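A.B. asks: Okay, here's the structure, questions in a sec.
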There are 2 protein chains.
Amino acid sequence: MASQKSDTAMSPKITGELLRQLRQAMKNCKFYSEPIQAYIVPSGDAHQSEYVAPCDCRREFICGFNGSAGTAIVTEQHAAMWTDGRYFLQASQQMDNNWTLMKMGLKETPSPEDWLSSILPENSIVGVDPWIIAADQWKNMSRELTSAGHSLVAVQDNLIDAVWMDRPERPSTQLRTLGLEYTGISWQDKITALRGKMSKRKFTWFVATALDEIAWLFNLRGADIEYNPVFFAYAIVGVNTIRLFVDLKRLSAPAVREHLQLDSPSKPELSIRTLPYESVYTELQAICAALNPKDKVWICDKASCALTQVIPKANGSPIPYTSLCLAKAVKNATEIQGMKVAHIKDAVALCELFAWLEKEIPKGGVTEISAADKAEDLRSQQKDFVGLSFPTISSVGPNGAIIHYRPLPETNRTLSVNEVYLIDSGAQYVDGTTDVTRTMHFGTPSAYEKECFTYVLKGHIAVSAAVFPNGTKGHLLDSFARAALWESGLDYLHGTGHGVGCFLNVHEGPCGISYKTFDDEPLEAGMIVSDEPGYYEDGCFGIRIENVVLVVPSETKYNYRNRGSLTFEPLTLVPIQVKMMSTELLTQKERDWVNEYNRKCRDVIGAEMQRQGRKEALDWLIRETQPIV
Amino acid sequence: MASQKSDTAMSPKITGELLRQLRQAMKNCKFYSEPIQAYIVPSGDAHQSEYVAPCDCRREFICGFNGSAGTAIVTEQHAAMWTDGRYFLQASQQMDNNWTLMKMGLKETPSPEDWLSSILPENSIVGVDPWIIAADQWKNMSRELTSAGHSLVAVQDNLIDAVWMDRPERPSTQLRTLGLEYTGISWQDKITALRGKMSKRKFTWFVATALDEIAWLFNLRGADIEYNPVFFAYAIVGVNTIRLFVDLKRLSAPAVREHLQLDSPSKPELSIRTLPYESVYTELQAICAALNPKDKVWICDKASCALTQVIPKANGSPIPYTSLCLAKAVKNATEIQGMKVAHIKDAVALCELFAWLEKEIPKGGVTEISAADKAEDLRSQQKDFVGLSFPTISSVGPNGAIIHYRPLPETNRTLSVNEVYLIDSGAQYVDGTTDVTRTMHFGTPSAYEKECFTYVLKGHIAVSAAVFPNGTKGHLLDSFARAALWESGLDYLHGTGHGVGCFLNVHEGPCGISYKTFDDEPLEAGMIVSDEPGYYEDGCFGIRIENVVLVVPSETKYNYRNRGSLTFEPLTLVPIQVKMMSTELLTQKERDWVNEYNRKCRDVIGAEMQRQGRKEALDWLIRETQPIV
């Protein structure tokens, strides 16, 4: 689990003047040849990133709401913003009464398309910036609006930017090169492998737009977006050309020039042509103008509508997953080793936090925020620490029941020996990315808290220990995580796991474990996902047990149709608190799993603590990993 | 599980002359204004029935292959037929060398659309009978052909019928009326409920095309299609009109006239206008011609393209499930009671069969066919027996591993005390439909057979005993059935369960339990599905344990968000053979489940056997239901 940006300001933004200016821009033929009756402001950036840089927070700018998910629409008369249940309260506090909050998921709430159809005059023009809407979303929205008699049009200049006077610059942080000791495969070999897949599927061009895919492909990292070590770029790979679109100033560093062999390419087909970030559109146009009828261009259907529409229909239709997305998801031996090392360091820091909390909480004065700060401080002492991988969810008692909680000064609670503490946190290290949740009690948990914790633990183990055939999709494992909760009439309303990048985004596709998806890619050895069932008792407490786990081959007694089997190996090695368990509810197999897991934590993390000389944490670790009998 | 029609003839049909005639028809402007370059022959009838009447076996007529699934396409030069892995052998034996077998599911096999695109000259016309292709299939196929530069056209007269000289007549069997004691709800109340849903969703017209939905709506049954108690008809329900399209001769019987109140309708809005079956098209045209812009017509996207295209786009787009499909799936108290009674009678017959087999097999001479015949004979002795609900799968040893096996004289094996026997069978009774599979050994099973049986049993129990929240879709339970098999490296390549009708089709939507679907409707109390995991060891044996189970509310300790919980109650009450179990592999909970299940079989079925004076079967039942210790 990783929460989303949901910062500070809880008083409404005054938007009357901004809306007036936006509505003027909607009528201004400088931007579009005809007046626009409605303008859509999505959340994303031009790369459909989950987290966005400040310069891309356009929806927040126009309406004030800064949650991670939301779509604003402005018409001549109305302004409305759609978001989901996580954010109803926050959005209602951050928006002034120029705005109508559209509560997604409620039956009475119309979809944006239905709402537009109900209020717009016939034959209206609905505008959107084609760069920040994905091709598949554009397609659906356009179809629905067209069938209602309107039209969706692409407005090339962003109208929010036109009225946003102090809009921040697009970040252009220093690039970091990653050597083979971290990546396992050179970017040259990744390009060659990509070309192999292009040739197999008869593509002559590949357009990469997702920032994590480009970072992975070139073995480069940046810091353009908080928590995500990526940089703004596009790449277009041909059968013997490579174009990288990026702020050219970033390429002046000698280490970067050498890494990319900009001055002395080893082979002509591995020579990178560097071009300005903004020139991707005209360059792709030029490429497409020169296409032969048989040439095919590979682009993801999550890429921006703007780029996708440059490609003639005959030369390629957008497809759900790119080759890079899948290649990146299957970690190689070096990446796996790096992830293991990162998780060991991360576990040392987290165990140290718990040892410290155990000592400090009874004295009073430890708060959700100070505990989160302490966790960050301890992590930052570990080698190759870069930053957090998402904002820490540090929550006590009732705050733990708010799934995407992030402590703010006005909600900040003090930790005590009377309430359950849930901390979901992770970091970026140069060798890997972590994401771990532990639910702890520093006093005596109630029988009910223990009972719920134990059901969640049973679900966690059921997934972690599951054996399943090669080719199984992650969504087929989701119910294993819920069976014990379901049997007692309980459940949790989020998915069970997401893909995790290696010194990349903490959320990545195309695999995961969720009842909500069906088109996920099958799990295969080397993929890394989270396993994080939970239970949330509104107003009381929250429980979640999250490990990052690696998909590994499993030895089975038989081997039906030679398909082979898979299972998971936990990478996260932080003890699971025995005090929170009703051990009598566990089967012998489950008790064995817990003992074996905690023993491994003691052995592996204990050795590292010894090496680092962290004695207090080691004492805590040894005490917390006594086997259940 | 219910196998499909896969009859006798295993020598290829000679099709040269037929293809010559069909190709002439394709060029004949009597049928279509321009010559057609390819003609598609799907499997279905105009109601997209799973089983079809002899007059609708057009694909079989043209190519010889009579399996349940297959699509034939004839061009000027080629003739090709697509079917799946179940039928590769059978199709290759039944088709002559005018035909190319297209093996679906193999990577090298092109889709029909890709194949057509690869062989047709540019701008070709591909024809199909719009009555026997569903609207959603038409849409997909048309889109793909159009993007390849061809066009899909509707040929109103079926070209197979044009060359099929001795085509059988469409059946018009006697209609059977069902009173409230069987249906629980009068057809008048069903119409009123339907109109309620129409009004809620703002539809002014409802077009029913699925034969089982029409039979259910009017509380009528027929025998037009083998195994399925349905009759050829359409219905169009308006806000105060009802049109029933059916061979009018069938309505002369006084019981039918009275049932439908044809001569004295109670209320004008419940007066049924009866029209000839064939007039549905012109009548729907007339209705659509008189539509107001706000009128909306409700039709399923599985309805024929022919009828769907009559409806102006502005007045309704086809949607996946009709209201009737869902209403039919949720059985009322009377239907549930009927299903229970039917399953008790069915269990008496099946237990009798097993008692008889136990006695007769050692003497030799019992074959797969004679065992199936005996089962039918015993079922036919039960009250209100109508016929089988699908062709009996009676299979010994290696034949058991052929999932859709049906014994034929040339494959017929003799039952022995040395091989596993699998029988999957069911019947139609006036009060309900059954479908049950048992896997038995009449000698001493091997350790491996017992081990596999026990894994299958664990999966069967895991589904049957599962507790899950209201609103859960059946596909989320599928993995529960596989977990024990997966852990040992085993699996089965079919779904786990299908909806079952009440004196209706043994396969019905919109719910089920399968990893293959995602758009199934959530399970709700009153739905009835099968629970049938299996394991198949090619060349050796097959195992399947199938009960029909009823979705019932479940009492749980807690009740998260007041959603309520569900579980299953087995309707099938035939003992599961303890001899086949490795009881040491079962948990205590699983042993308790088996003992409780077999005890219920003894109590309920034993009482009925006593009532019917079936002493030998009762002795067998009592012996077979001794508890495991």
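The values are calculated or read from the model by the stated rules, or taken from the named source; none is laboratory data. This structure is a prediction, so every number in the text was calculated from the model and none was measured. Methodologically, a virtual Cβ is constructed for each residue, glycine included, from the backbone with ideal geometry; neighbour enumeration extends over all protein chains shown. Just so you know, the surface numbers come from the protein's heavy atoms only, side chains and all, with ligands and any DNA or RNA stripped out. Shrake-Rupley method; radii C 1.70, N 1.55, O 1.52, S 1.80 Å.
A.B. asks: List the equivalent ellipsoid semi-axes of the protein assembly as shown in whole Å, largest first, each obtained as the square root of 5λ for an eigenvalue λ of the Cα gyration tensor.
C.D. replies: Three semi-axes, in Å: 53, 41, 31.
A.B. asks: Related question: Stokes-Einstein D for the range B:339-443 at 20 °C, 1.002 mPa s, Kirkwood Rh over Cα pairs, in µm²/s?
C.D. replies: Translational D for this selection: 157 µm²/s.
A.B. asks: Still on this structure, please answer the following. Is the range A:32-157 best put as rounded, prolate or oblate by its Cα gyration tensor, with a ≥ b ≥ c the root eigenvalues, rounded for a/c under 1.5, and otherwise prolate when a/b is larger than b/c, oblate when not?
C.D. replies: Note, shape of the range A:32-157 comes out oblate.
A.B. asks: What shape does the range A:443-517 have by the C-alpha gyration tensor, where a ≥ b ≥ c are the square roots of the eigenvalues, rounded means a/c under 1.5, and otherwise prolate means a/b greater than b/c and oblate the rest?
C.D. replies: In terms of gyration-tensor shape, prolate.
A.B. asks: Quick one: 3J(HN,Hα) in Hz for the range B:547-562, Karplus 6.51/-1.76/1.60 with θ = phi - 60°, rounded, Gly and Pro as x.
C.D. replies: Each residue of the range B:547-562 in turn: 10, 8, 10, 9, 6, 10, x, 10, 7, 10, 4, 10, 8, 4, 6, 6 Hz.
A.B. asks: HN-Hα J couplings of the range A:17-26 from phi, Karplus 6.51/-1.76/1.60, θ = phi - 60°, integer Hz, Gly and Pro as x?
C.D. replies: Taking θ as phi minus 60°, the curve returns 5, 4, 5, 4, 5, 4, 5, 5, 4, 5 Hz for the range A:17-26.
A.B. asks: Chain pair B, A: how much accessible area is buried, both chains summed, with a 1.4 Å probe, in Å² to 100?
C.D. replies: Buried: approximately 3100 Å² between A and B.
A.B. asks: Roll a 1.4 angstrom probe over the protein heavy atoms and tell me the percent of accessible area of the protein assembly as shown that is carbon or sulfur.
C.D. replies: Exposed carbon and sulfur together represent 53 percent of the surface.
A.B. asks: For chain B, what does the relative contact order come out to in percent, with C-alpha contacts under 8 Å and a separation of six or more?
C.D. replies: The normalised contact order for chain B reaches 11 percent.
A.B. asks: Hey, got a sec? Which trypsin sites (Lys or Arg not before Pro) in the range B:1-95 land in a DSSP loop and have at most 10 other Cβ atoms within 10 Å?
C.D. replies: B:30
A.B. asks: OK, next. Do you know which residues of the range A:474-490 lose at least 10 square angstrom of accessible area in the protein assembly compared with their chain on its own, with a 1.4 angstrom probe?
C.D. replies: A:475, A:476, A:479, A:480, A:483, A:486, A:487, A:488, A:489, A:490
A.B. asks: Roughly speaking, what is the stretch gain from residue A:108 to residue A:330, that is 0.36 nm per residue apart minus the C-alpha to C-alpha distance, in nm to one decimal?
C.D. replies: 75.7 nm
A.B. asks: Just list whichever of B:340/B:383; A:27/A:103; B:340/B:600; A:202/B:107; B:458/B:589 have alpha carbons separated by over 22 Å in the model shown.
C.D. replies: Exceeds cut-off: A:27/A:103.
A.B. asks: Rounded to the nearest 20 debye, what is the charge dipole size of the range B:475-599 about its Cα centre when +1 sits on each Lys and Arg Cβ and -1 on each Asp and Glu Cβ?
C.D. replies: For the range B:475-599, the charge dipole is close to 360 debye.
A.B. asks: Let's see if you can work this out: charge +1 on each Lys and Arg Cβ, -1 on each Asp and Glu Cβ, no other charges. What is the dipole magnitude of the protein assembly as shown about its Cα centre, in debye to the nearest 20?
C.D. replies: 560
A.B. asks: Going by amide H atoms built from the backbone, whose H comes under 5 Å of the H on residue B:554, apart from near neighbours?
C.D. replies: B:565, B:566, B:567
A.B. asks: State whether the range A:547-594 is rounded, prolate or oblate according to the following rule on the C-alpha gyration tensor (a ≥ b ≥ c being the square roots of its eigenvalues): a/c under 1.5 gives rounded; otherwise a/b larger than b/c gives prolate, and the remaining case gives oblate.
C.D. replies: Because a/c hits 1.5 or more and a/b fails to exceed b/c, the range A:547-594 counts as oblate.
A.B. asks: With r defined as the distance between the Cβ atoms of residue B:380 and residue A:89 and R0 fixed at 60 Å, what FRET efficiency is calculated, to the nearest 0.05?
C.D. replies: 0.35
A.B. asks: OK, next. Could I have the simple spin-label model distance between residue B:370 and residue A:273, label points 7 Å from Cα toward Cβ, reported in nm to one decimal?
C.D. replies: Simple spin-label model gives 8.2 nm for this pair.
A.B. asks: Among the aspartates and glutamates, select those whose C-alpha is under 16 Å from the C-alpha of residue B:328, and discard any that sit fewer than 8 residues away in the same chain.
C.D. replies: Candidates past the 8-residue exclusion: B:189, B:212, B:213, B:431, B:508, B:520, B:521, B:524.
A.B. asks: Work out the mean other chain Cβ neighbour count within 10 Å for the residues of A:315-324 and drop it here as an integer.
C.D. replies: Per residue, the number of nearby Cβ atoms from other chains is 0 on average.
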